[in-house]
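So the structure is just underneath, and the comments pick up after that.
The values are calculated or read from the model by the stated rules, or taken from the named source; none is laboratory data. The structure presented is a predicted model; accordingly, all values stated were derived computationally and were not measured. Here Cβ is always computed from backbone atoms with ideal geometry, including for glycine, and neighbour counts include all displayed protein chains.
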Amino acid sequence: MKKVMIIGVGAQGSTIAKRLNEEENVSQIICADYDLKAAEELGKTLEKATAIQVNANKIEDIVKAADTADIIVNGLPIQFNLTVMEAALEIGACYQDLCMTYIDGKSSEEATRFIFTEIGKRFEEKDLLAVTNTGSAPGLVNVVVRDTVELMDSCDSIEMNVYEGVWSKKFIPFWWSPEVAFEDMATNPTRFENGKFVETSPFDNPVWMKFRGVDKEIRMVDHNHEEPITLGINADGCLKGAKNILFRYGGPHVELAEALYNMGYLSTKEKEFNGMKYIPFDMTIANAPPAPKYQDEIKDIIDGGLISEEGAFHVLVEGKKDGKPIRITRYVNGPGLIEAFEKSGLTHESYLTGQSAFIFTKMLVNDVIRQKGAIAPEVLNAAEREYFFDEAKKLDITVDQIIEE
């Protein structure tokens, strides 16, 4: 029986907690958040849960709250990852997060390598596992990529394309944190090109793409995301020498962000207007409606009407098999906004990300992953990937495949 602490009980953390409450191998769930009311409201709905307030800036606060937890699931923003990892190491708990780690003074690549090597060594020495970047993207998509590459003898290129086409009559800039989304949009994306990491500019390298089930071409652009970094680092180790890896994003939310970026509203440089100093990015965030997380909010949006409800979660891998070129396309399928709300009271974004993250937590609870140290999802072996996909199917998350030889 495992005792699990979830620190950060927002949309993803609360989804994981609700699922863990149904797991027979979980004895206790600690719902920890700086917002005690949010933790208590969640805790009231779960028979295995206790709520506690915690300051995630302090290792000692996390250690005290975690007590004797076997697993710490970190649902906080990237700047808290290292602190929560240190707390997990101190109490001897396995660790999971949903995004890359920010380390002051290090690039994304440097920070990721540091986690895999220096922090990973410390987890391994304690016979512990830290699984990073677990959600839908990153997370699920990394597992899909690895599983696709395994069908080849060698891999040349990997593309990950996410088209978000759910747009409501009520203005919702993003279905997840606007602050995180706009920051990602305004940050230089990283590609893995010819075996090296290179930075491009926000909204660079636009291409028009046609996706299955979408009746028009979609403009897709480079987007700052974790996958090219972890996959690039692991290219020789488990991706059969992939030399080119990229992540693209597209849809009306991208068009909105690009317009704001071009007008300077995503800049973090101080400006002055009529004698008043301000940061454009802060002003934008202050006026951006938050992503809906409560059921009454989501219901109001759905009742108000949708302009469009479509999308694509697309992976394209090219390589060689038996000396001949091979091209494999995979599509991830999951509930749309209306279906996700009917199933679980969540948005489509929270459903896919939260449920995918829960599967990784379930794997930790049931000791499915035998490796130690710090790893990304693409490192999972064949049996572990099979377990992941089997659990995903139970949650109506499936993957279709098209092979061209």
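Given the criterion within 26 Å of residue 333 (Cβ to Cβ), of a type outside the set (A, V, I, L, M, F, W, C) and either surrounded by fewer than 23 Cβ atoms within 10 Å (Cβ to Cβ) or without any contact (Cβ under 8 Å) to a residue 24 or more places away in the chain (or both), identify the matching residue among 183, 86, 150.
Only one candidate passes the filter, namely 150.
Would you pick out the residues in region 192-209 that are in contact with an Asp or Glu (Cβ under 7 Å, 6 or more places away or on another chain) and not hydrophobic (A, V, I, L, M, F, W, C)?
Residues satisfying the conditions are 200, 204, 205.
Among (1) of a type outside the set (Gly, Ala, Ser); (2) closer than 23 Å to residue 292 by Cβ; (3) not in a strand (DSSP E or B), which single condition is residue 22 missing?
Of (1) of a type outside the set (Gly, Ala, Ser); (2) closer than 23 Å to residue 292 by Cβ; (3) not in a strand (DSSP E or B), only one is false for residue 22: (2).
Take the conditions under 16 Å from residue 314 (Cβ atoms), modelled with pLDDT of 95 or more, touching a strand residue (DSSP E or B) at 6+ places or on another chain (Cβ under 6 Å) and surrounded by fewer than 22 Cβ atoms within 10 Å (Cβ to Cβ) and apply them to residue 157. Does it pass?
Answer is yes for this residue.
Could you list all residues from region 284-326 that are surrounded by 13 or more Cβ atoms within 10 Å (Cβ to Cβ) and assigned to a helix (DSSP H, G or I)?
Correct list: 284, 285, 297, 298, 299, 300, 301, 302.
Please pick out the residue among 265, 261, 278 that is surrounded by fewer than 16 Cβ atoms within 10 Å (Cβ to Cβ), more than 22 Å from residue 393 (Cβ to Cβ) and among the hydroxyl-bearing types (Ser, Thr, Tyr).
After applying the criteria, what remains is 278.
Conditions (1) at pLDDT 95 or above; (2) over 18 Å from the mean Cα position of the chain (by Cα), marked per residue:
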| site | (1), (2) |
| --- | --- |
| 294 | no, yes |
| 320 | yes, yes |
| 330 | yes, yes |
| 352 | yes, no |
| 385 | yes, no |
| 388 | yes, no |
| 395 | yes, no |
| 403 | no, yes |
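Scan region 191-222 for residues that are touching a residue at least 40 places away in the same chain (Cβ under 8 Å) and under 18 Å from residue 311 (Cβ atoms) and jot them down.
Matches in region 191-222: 207, 209, 211, 212, 213, 214, 218, 220.
Mind checking which strands (runs of 3 or more DSSP E) fall wholly inside region 68-177 and carry at least 3 residues that are in the same structural domain as residue 249 (by TED's automatic domain parsing) and of a type in the set (Asp, Glu)?
154-164
Which condition number in (1) surrounded by fewer than 20 Cβ atoms within 10 Å (Cβ to Cβ); (2) within 24 Å of residue 349 (Cβ to Cβ) is the one that residue 58 fails?
Residue 58 satisfies every listed condition except (2).
With respect to residue 378, is the statement that it is assigned to a helix (DSSP H, G or I) and either within 17 Å of residue 151 (Cβ to Cβ) or touching a residue at least 60 places away in the same chain (Cβ under 8 Å) (or both) true?
In short, yes.
Residue-wise test of (1) of a type in the set (Gly, Ala, Ser); (2) part of a helix (DSSP H, G or I); (3) surrounded by 20 or more Cβ atoms within 10 Å (Cβ to Cβ); (4) modelled with pLDDT under 95.
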site: 3; (1), (2), (3), (4): no, no, no, no
site: 6; (1), (2), (3), (4): no, no, yes, no
site: 9; (1), (2), (3), (4): no, no, yes, yes
site: 37; (1), (2), (3), (4): no, yes, no, yes
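If residue 60 satisfies all but one of (1) of a type outside the set (Ser, Thr, Tyr); (2) at pLDDT below 95; (3) more than 21 Å from residue 367 (Cα to Cα), what's the number of the condition it fails?
The single condition residue 60 does not satisfy is (2).
Quick one: is residue 386 within 30 Å of residue 127 (Cβ to Cβ) and surrounded by 20 or more Cβ atoms within 10 Å (Cβ to Cβ)?
Against the criterion (within 30 Å of residue 127 (Cβ to Cβ) and surrounded by 20 or more Cβ atoms within 10 Å (Cβ to Cβ)), residue 386 does not qualify.
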